[in-house]
Amino acid sequence: MLVLEQLSPDEAAGLVARPLARLGIDAGAEAADIAFRCGYQPAVLLRLGERLVERLAERGYKEGYSVQPSDVQEAFEDAKVQAEIQGVVRANFQGNPFGQAVFAVVLRESALAAPGQWLPGLDQTVADAFADDLSRLGEPAADLAG
């Protein structure tokens with residue numbers, strides 16, 4: 001399996017902005033946001049860039065077009081981009097089902113919280129999520145929470 005490492009923020013922004021610039025699309029103002037949204041993951045960045053170009057082409061963009069935040073949001077919400085993100089997440093936990101299960105709990109709690117809200121007591125929330133399973137194995141959940 002080919003493993004693509006996370007890029008630095010500058011490398012990721014360049015991976016978005018430079019190819020688009022060759023097509024006459026100015027993504028400079030949005031490149032850092034795009035890179036952040038894609039977790040600096042090359043596969044996700046490339047998929048989002050592909051969908052962005054396709055959507056702009058459908059609208060008949062003119063050379064010199066500047067990418068708008070709404071363009072980024074629309075491309076980010078595209079099913080192909082979301083599928084790429086899911087694939088990267090799954091690959092991050094290949095061979096580590098417990099890590100994937102813990103991530104799922106953290107993701108669920110993040111989705112339930114207000115945007116930007118800190119998740120107090122997350123360690124106990126994770127321990128509680130696995131308490132029944134751990135008790136069947138004879139391990140107290142408190143050990144997991146530290």
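The values are calculated or read from the model by the stated rules, or taken from the named source; none is laboratory data. Everything numeric here is computed off the predicted structure, so don't read it as measured data. Please note: Cβ atoms are built from the backbone with ideal geometry, for glycine as well, and neighbour counts cover all protein chains shown. The area values use the complete protein model at the heavy-atom level, side chains included, leaving out ligands, DNA and RNA. Shrake-Rupley method; radii C 1.70, N 1.55, O 1.52, S 1.80 Å.
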- Message: Filter the stretch 4-51 down to the residues that are of a type in the set (D, E) and open to solvent by 30 Å² or more (accessible area, probe 1.4 Å) and list them by number.
- Response: E5, D10, E11, D26, D33, E50
- Message: Exactly one condition in (1) in contact (Cβ under 8 Å) with a residue 40 or more places away in the chain; (2) touching a Phe, Trp or Tyr at 6+ places or on another chain (Cβ under 7 Å); (3) not charged (D, E, K, R) is false for Y65; which is it?
- Response: (2)
- Message: Which of the numbered conditions does A57 fail, given that it passes all the others? Conditions: (1) modelled with pLDDT under 95; (2) within 30 Å of F93 (Cβ to Cβ); (3) surrounded by fewer than 20 Cβ atoms within 10 Å (Cβ to Cβ).
- Response: (2)
- Message: Considering only the stretch 110-118, I want to know if a residue exists there that is part of a helix (DSSP H, G or I), of a type in the set (S, T, N, Q) and either loosely packed, with under 11 Cβ neighbours inside 10 Å or out of contact with any helix residue (DSSP H, G or I) (no Cβ under 8 Å at 6 or more places or on another chain) (or both).
- Response: yes
- Run down V81, V105 and say which single residue is farther than 21 Å from L7 by Cβ, of a type in the set (A, V, I, L, M) and within 17 Å of the chain's Cα centre (by Cα). V105
- Message: Tally up the residues in the stretch 60-83 that are farther than 16 Å from F36 by Cβ and surrounded by 10 or more Cβ atoms within 10 Å (Cβ to Cβ), please.
- Response: 9
